[in-house]
């Protein structure tokens, strides 16, 4: 009997763990005392309890074994059925592929959002590989929209080209989904490769695009912005050590190259909107062309929204080209019979006519040149619509330019006002600079108004003056603007210039920024990167020799370069600042003259955008300058800055 009790104790410990040792020992001692010491009737009762305990242990052990066997058999049957179902789907997919000649390109972990499989295996129960948490319901909703993008039909072609080549050019028309989907595919490829896990960088020419696209991709990947997906712009870095996909301005990637010349952190680098040919993008292409030769594991993708990609192919040693069509509808183009004397007045008049006369629903996108014009147009449109009376539909006017805070920039994605019970149509009117040409996509736009102008930087090396002038846009820009009207359904584009001017006076493409800019910062950055032979640097479009000479003279005058053209210690410090060389030298020298506080405020106002302070308004700024004009412009800026912080009400008065 004692042996039976000991066996029962061992079984208890095996099933329920070592927690049962104290309880089992007490039970054994109690039964042993009763069996060997107690009276006869106590021995009988103890034996009965011991037998009953052994029976219970046996039953529990047997039940536990039966439950384990049942679970194993059920799991095996479920896995077998799932494998058979997957094989059947694979056969059906192969049969469909052979029938229409196109591949599905939908990965296995995304197939759960389609058809009946969603009912058997909900996407919420699948684990996100980036967070190790179940997917949210919104992930599946976004995924269904992603699968409808034109770029998804070319996933296998993209992967094949990327694996076979170190660099290639991708042309994706408006609405193809290249900016959001291509970087995610690169992340999947990098994660599947052996070796060190590197991140993916995607450059954007504008800060607005970098922030908004990063937020969208974070939602698509079902992660928090700033963790696995982040962005980096001037004065703001929303990323972490976990970031595997980073959207950034081209200037920020160039600054990273100063500290990491081979960009070892990244496995794939994507230059998006390369057709805009910004100053930083052109330098990056030259730097990356050299980095690719030293790093065979690095992949470089140049993405453009225009079909003129032959120049990029030739520059990157005749690399392959992948063209992806966009999802656009027909756009009807209207020209003015005669040139407009005041394009701003004509643009406002066109907005009012569309809102009053067009019977089709749809939002309006108006392109203007800068903040001052946009603010004035918004006020006038609002005032004139209010004067039309209650029978006209409601209108929501939203400005968009680079100096707006991110919260206000996100207003462009708000829905339009609802229609009135009388049937009057409510519309959203977005008044934007050329940011909305390619960098951002605003759904719901049906009507586009194009005055045909934009602001461009122009530099005169002889007088060393850089100006921001209003100039005519190119044909490529005009086509990009018109394409914004055909995203969701057929649209209309109202060009406030004649058809003859479009065909005969407009250039085919915009001049690259490197041909019309001051190259002082460029030369300083290239010197910091270790590129000394600027004359033979592989620019896609070499700048004029006179412009390079003026930049070298300026840097030598600022003591950033010595007489031999080598970078000095001061020049190395100046290159670390995201400022013009003159401002960087001023900040460094302010320590010597004990005026750092004043110089920092002046530098911030000269190089920044004066967000959130009253002098951003042109009229108020004029009065403030008139008030402090005797002290000079820079001292005036410092006084205005300190006055706005110490007593904002005083400055307003």
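Read-outs: derived from the displayed coordinates by stated rules, not from any lab. None of the values given here were measured: they were computed from a predicted structure. With ideal geometry, Cβ positions are generated from the backbone for all residues, glycine too; neighbour counts draw on all protein chains shown.
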Quick calc: nm separation of the 7 Å Cα→Cβ label points for residue 564 and residue 160 -> 5.4
1/(1 + (r/R0)^6) with r = Cβ-Cβ of residue 235 and residue 413, R0 = 25 Å, i.e. FRET efficiency to nearest 0.05, evaluates to 0.55
Most packed first (mean Cβ within 10 Å per residue), the peptides 380-388, 471-479 order as 471-479, 380-388
Dividing the alpha-carbon radius of gyration of segment 149-324 by 2.2 N^0.38 Å, where N counts its residues, gives 0.93
Zone reached by a paramagnetic label modelled 7 Å from residue 308 Cα along Cα→Cβ, restricted to segment 485-516 with backbone N below 19 Å, covers 500-516
Taking max minus min of the Cα coordinates of segment 331-514 on each principal axis, largest first, gives extents in Å of 63, 37, 29
Per the rule of 0.36 nm per residue minus the C-alpha distance, extending residue 508 to residue 594 adds in nm 25.7 nm
Most exposed to least, judged by fewest other Cβ atoms within 10 Å, 191, 164 sort to 164, 191
Label model pair residue 572, residue 501: point-to-point distance (7 angstrom along the Cα→beta-carbon line) in nm is 5.3
The extension gain from residue 376 to residue 546, computed as 0.36 nm times the residue separation minus the Cα-Cα distance, is 57.2 nm
Going fewest to most other Cβ atoms within 10 Å around each Cβ, 176, 467, 432 line up as 467, 432, 176
At R0 = 30 Å the Cβ-Cβ FRET efficiency linking residue 361 and residue 327, nearest 0.05, sits at 0.95
Given a Förster distance of 41 Å, the FRET efficiency implied by the Cβ-Cβ spacing of residue 403 and residue 290, rounded to the nearest 0.05, works out to 0.75
Zone reached by a paramagnetic label modelled 7 Å from residue 264 Cα along Cα→Cβ, restricted to segment 524-558 with backbone N below 18 Å, covers 529-530
Between residue 338 and residue 458, the two model label points (7 Å from Cα along the beta-carbon direction) sit apart by a distance in nm of 2.7
Put in order of increasing Cβ neighbours within 10 Å, starting from the fewest, 135, 275, 536, 329 give 536, 329, 135, 275
